[in-house]
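Novice: Got a structure here, written out as structure tokens. Questions coming.
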Amino acid sequence: MSKLDLSQFEKKLRVRNLQDKDIEELLELQKVCFPNMEPWKREHLESHLRHFAEGQFVVEYDGDIIGSCSSLIVNFDEYDDKHTWDDITDEGYITNHDDEGYNLYGIEIMVHPEFRGMKIGRRLYEARKDLARELNLKSIIIGGRIPNYHKYEDELSPREYVEEVINKNIYDPVLTFQIMNGFSIMRINPNYLPDDKQSSKYATLMEWNNVDYRARSKRHFKTSFPVRIMVIQYMMKDIDTFEEFARQCEYYVDVAADFGSDFAVFPEIFTTQLMSFLDEKVPSKAVRRLSEFTEDYIELFTGLAVKYNVNVIGGSHFVEEDDHIYNISYLFRRDGTIEKQYKIHVTPNERKWWGIQPGDAVKVFDTDCGKIAIQICYDIQFPELARYAVDQGANIIFVPFCTDDRQGYLRVRYCAQARAVENQVYTVIAGTVGNMTQVENMDIQYAQSGIFTPSDFEFARDGIVGECNANVETVVVGDVDLEILRRQRKSGTVRQLHDRRRDLFELDYKLDTIVKPERT
């Protein structure tokens, strides 16, 4: 007898994270598992991957998806005891997922009927438990169906039915399984899943406690999370050397540090002040000469951010890359690291005078004060960019701008305030003032810089934290509270992020050009 080829007998089963390529197969699996319930939509699962890919698992058996589970992280204490599935999942989109939460909340688990009895569900539950341990979460909470209850509802209340299942007098395929996997019952919630007729809309709220959980001091409940911002309304005037420019910049970062600021924000293309001593009258040539100062500019602001312990939004600067000129805003973190955001929408003026090329990546940056985005001047006038940034976790959008007249300035201001309201986000605008008589296309400036909030009771009456006087060289300093913002998004008078009609409209982001933030 020849030696057996054992590979012909092998069955390959593995638990792994959901991927975009699995979505269509998963949608079909759900129809098989829950034929009488409303299934996921593709946009739901895409949203799960965007917000918490680590919490989405599938079981693959010989190349086919035969089981899956979905989850998100929440601070469970912030939810009403009688919450519904829609409440806890933001209607299935999990945009309320909170990286700083304490509890992993399981929102769905399913196994193909032909493969039940192979402990597929147990494998998925173990994957969740491993994730909770890895992320040091307090517990796993689930809202479990009781699909056999409809057989007993004429004779037993939900509580009585659950007690009978606990005492093993009745078998329920879901509740019995969950108890066997170490979950204990917290309460019974009515109207949990409106289309779950088998459970008569009831669900058992259950919890598994992570005995390996270790409390971390930085994760105590926050009563506030203030972030102090200093906005520099920068005076454009003729200078003679780069060193003179550097002295002015250092002065403002020093002032920001004296005020205990977390961010110092400079305006768009304020480095064009260097053109005043370049003696080049042709704008297209002047901008390329200006780009020669890029390394000096980066070294200057990297040093200032570290020296004064302030995160610096370095306005923006014209940079030459591959023989093209881009308008780039840099984030200089106080730990010495650097990020950059290209201007996405180029104005006709920039294109005509300087030949500026548009960038094609929208970024959201991690900082020690949470996630932020930078949208340069004209970009804030396109609401899709702000919506994307907030969907990716941005709490503050910084808007360096440069406008030469009141109409241009008001376009930036009105749009920044609109973005703050419609996205429940803080926006910050920083502009240039003054004039440079010897620099073509930069001769006059108009600005009134400010810090703006959403419009609700928790914030300043007019949605303005602070603003500069118009057209003078000055600064404004103000605090924005990220904890108030978080609470207002969950329970404000209006909740624009939560109440979007995703069933009617959505934005189609070109993910091959959109750059997502790194997870911290």
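Novice: Is there a residue being part of a loop (DSSP other than H, G, I, E, B), in contact with a Ser or Thr (Cβ under 8 Å, 6 or more places away or on another chain) and of a type in the set (Asp, Glu) anywhere in the range 190-198?
Specialist: Scanning the range 190-198 turns up no residue that is part of a loop (DSSP other than H, G, I, E, B), in contact with a Ser or Thr (Cβ under 8 Å, 6 or more places away or on another chain) and of a type in the set (Asp, Glu).
Novice: Identify all residues within the range 102-121 that are in contact with a helix residue (DSSP H, G or I) (Cβ under 8 Å, 6 or more places away or on another chain) and either buried (at least 16 other Cβ atoms within 10 Å of the Cβ) or closer than 16 Å to residue 17 by Cα (or both); write none if there are none.
Specialist: Matches in the range 102-121: 102, 103, 104, 105, 106, 107, 109, 110, 111, 112, 121.
Novice: Please specify each residue of the range 348-361 satisfying the condition of being part of a loop (DSSP other than H, G, I, E, B) and either under 27 Å from the mean Cα position of the chain (by Cα) or surrounded by 17 or more Cβ atoms within 10 Å (Cβ to Cβ) (or both).
Specialist: Once the filter is applied, which keeps residues that are part of a loop (DSSP other than H, G, I, E, B) and either under 27 Å from the mean Cα position of the chain (by Cα) or surrounded by 17 or more Cβ atoms within 10 Å (Cβ to Cβ) (or both), the range 348-361 yields 358, 359, 360, 361.
Novice: So which strands (runs of 3 or more DSSP E) are wholly in the range 369-434 and hold at least 2 residues that are touching a Ser or Thr at 6+ places or on another chain (Cβ under 9 Å) and at pLDDT 95 or above?
Specialist: Once the strands (runs of 3 or more DSSP E) in the range 369-434 are filtered for at least 2 residues that are touching a Ser or Thr at 6+ places or on another chain (Cβ under 9 Å) and at pLDDT 95 or above, what remains is 396-401, 426-434.
To keep it simple, each residue is scored yes or no on (1) assigned to a helix (DSSP H, G or I); (2) charged (D, E, K, R).
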position: 239; (1), (2): no, no
position: 247; (1), (2): yes, yes
position: 251; (1), (2): yes, no
position: 254; (1), (2): yes, yes
position: 264; (1), (2): no, no
position: 268; (1), (2): no, yes
position: 272; (1), (2): yes, no
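Novice: Looking at the range 467-507, which of its residues are closer than 17 Å to residue 427 by Cβ, part of a helix (DSSP H, G or I) and not charged (D, E, K, R)?
Specialist: 482, 484, 485, 488
Novice: Another question about this same structure. With respect to the numbered conditions (1) assigned to a strand (DSSP E or B); (2) closer than 19 Å to residue 208 by Cα, which one is the sole condition not fulfilled by residue 133?
Specialist: (1)
Novice: For residue 99, work out the one condition from (1) without any contact (Cβ under 8 Å) to a residue 40 or more places away in the chain; (2) of a type in the set (D, E, K, R); (3) under 30 Å from residue 486 (Cβ atoms) it doesn't fulfil.
Specialist: Among (1) without any contact (Cβ under 8 Å) to a residue 40 or more places away in the chain; (2) of a type in the set (D, E, K, R); (3) under 30 Å from residue 486 (Cβ atoms), residue 99 violates only (1).
Novice: Please find, within the range 33-49, the residue that is farthest from residue 502 (Cα to Cα) out of those that are hydrophobic (A, V, I, L, M, F, W, C) and assigned to a helix (DSSP H, G or I).
Specialist: Once the filter is applied, the top-ranked residue is 33.
Novice: Could you check, for the range 109-117, whether at least one of its residues is under 35 Å from the mean Cα position of the chain (by Cα), more than 25 Å from residue 36 (Cβ to Cβ) and outside any loop (DSSP other than H, G, I, E, B)?
Specialist: No, because not a single residue in the range 109-117 is under 35 Å from the mean Cα position of the chain (by Cα), more than 25 Å from residue 36 (Cβ to Cβ) and outside any loop (DSSP other than H, G, I, E, B).
Novice: Still on this model: Among the candidates 94, 142, 66, 109, which residue alone is in contact with a Cys (Cβ under 9 Å, 6 or more places away or on another chain), of a type in the set (Val, Ile, Thr) and under 22 Å from residue 29 (Cβ atoms)?
Specialist: On inspection, the qualifying residue turns out to be 109.
Novice: Additional query: Is it the case that some residue within the range 167-181 is modelled with pLDDT under 90, part of a helix (DSSP H, G or I), over 23 Å from residue 128 (Cα atoms) and not charged (D, E, K, R)?
Specialist: Checked against the condition, which is being modelled with pLDDT under 90, part of a helix (DSSP H, G or I), over 23 Å from residue 128 (Cα atoms) and not charged (D, E, K, R), the range 167-181 yields no hits at all.
Novice: Can you tell me which condition residue 353 does not meet? The list is (1) in contact with a strand residue (DSSP E or B) (Cβ under 6 Å, 6 or more places away or on another chain); (2) at pLDDT below 90, and all the others hold.
Specialist: Residue 353 satisfies every listed condition except (1).
Novice: Quick one: count up the residues across the range 306-347 that are under 27 Å from residue 228 (Cα atoms), among the aromatic types (Phe, Trp, Tyr) and either under 26 Å from the mean Cα position of the chain (by Cα) or open to solvent by less than 10 Å² (accessible area, probe 1.4 Å) (or both).
Specialist: 3
Novice: Looking at the range 129-149, which of the residues that are of a type in the set (D, E, K, R) and surrounded by fewer than 22 Cβ atoms within 10 Å (Cβ to Cβ) is farthest from residue 176 (Cα to Cα)?
Specialist: It comes out as 134.
Novice: Here is a further query. From the list 437, 427, which one is over 20 Å from the mean Cα position of the chain (by Cα), more than 23 Å from residue 74 (Cα to Cα) and polar (S, T, N, Q)?
Specialist: 437
Novice: Return the pair list, or none, for Cβ contacts closer than 7 Å from residues in the range 488-510 that are more than 19 Å from residue 45 (Cβ to Cβ) to residues that are open to solvent by 50 Å² or more (accessible area, probe 1.4 Å) and of a type outside the set (D, E, K, R), at least 6 apart or on different chains.
Specialist: Partner pairs satisfying both residue conditions: 493/457.
Novice: Being in contact with a Leu (Cβ under 8 Å, 6 or more places away or on another chain) and not in a loop (DSSP other than H, G, I, E, B) is the filter here, so list the residues in the range 306-316 that pass it.
Specialist: 311, 312, 313
Novice: Taking the criterion of being out of contact with any Pro (no Cβ under 6 Å at 6 or more places or on another chain), over 30 Å from residue 140 (Cβ atoms) and open to solvent by less than 80 Å² (accessible area, probe 1.4 Å), would at least one residue in the range 217-225 satisfy it?
Specialist: No; the residues of the range 217-225 include none that is out of contact with any Pro (no Cβ under 6 Å at 6 or more places or on another chain), over 30 Å from residue 140 (Cβ atoms) and open to solvent by less than 80 Å² (accessible area, probe 1.4 Å).
Novice: Any residue at all in the range 249-256 that's more than 23 Å from residue 470 (Cα to Cα), out of contact with any Pro (no Cβ under 8 Å at 6 or more places or on another chain) and surrounded by 19 or more Cβ atoms within 10 Å (Cβ to Cβ)?
Specialist: No, the range 249-256 contains no residue that is more than 23 Å from residue 470 (Cα to Cα), out of contact with any Pro (no Cβ under 8 Å at 6 or more places or on another chain) and surrounded by 19 or more Cβ atoms within 10 Å (Cβ to Cβ).
Novice: Let me ask something else. Conditions first: (1) open to solvent by 10 Å² or more (accessible area, probe 1.4 Å); (2) under 19 Å from residue 328 (Cβ atoms); (3) without any contact (Cβ under 8 Å) to a residue 60 or more places away in the chain. Residue 412 passes all but one, so which condition is the exception?
Specialist: (1)
Novice: To continue, here is another question. If residue 489 satisfies every condition in (1) surrounded by fewer than 17 Cβ atoms within 10 Å (Cβ to Cβ); (2) at pLDDT below 95 but one, which is the exception?
Specialist: (1)
Novice: Continuing with this model, one more query. From the list 194, 283, 267, which one is open to solvent by 10 Å² or more (accessible area, probe 1.4 Å), touching a Phe, Trp or Tyr at 6+ places or on another chain (Cβ under 7 Å) and either touching a residue at least 40 places away in the same chain (Cβ under 8 Å) or more than 26 Å from residue 370 (Cα to Cα) (or both)?
Specialist: So the residue among 194, 283, 267 that is open to solvent by 10 Å² or more (accessible area, probe 1.4 Å), touching a Phe, Trp or Tyr at 6+ places or on another chain (Cβ under 7 Å) and either touching a residue at least 40 places away in the same chain (Cβ under 8 Å) or more than 26 Å from residue 370 (Cα to Cα) (or both) is 283.
Novice: What are the residue pairs meeting all of these: first residue in the range 171-182, first residue over 13 Å from residue 205 (Cα atoms), second residue among the small types (Gly, Ala, Ser), Cβ atoms under 7 Å, and 6 or more apart or on different chains?
Specialist: 177/121
Novice: Which of the residues belonging to the range 50-74 are part of a helix (DSSP H, G or I) and crowded, with 19+ Cβ neighbours inside 10 Å?
Specialist: Listed by number, the residues that qualify are 51, 52, 55.
The values are calculated or read from the model by the stated rules, or taken from the named source; none is laboratory data. Values in this document were obtained by computation on a predicted structure and should not be read as measured data. Every residue, glycine among them, receives a Cβ derived from its backbone with ideal geometry; neighbour counts consider all protein chains shown. To get the accessible areas, we keep the full protein, side chains included, count just its heavy atoms, and leave off ligands, DNA and RNA. Shrake-Rupley method; radii C 1.70, N 1.55, O 1.52, S 1.80 Å.
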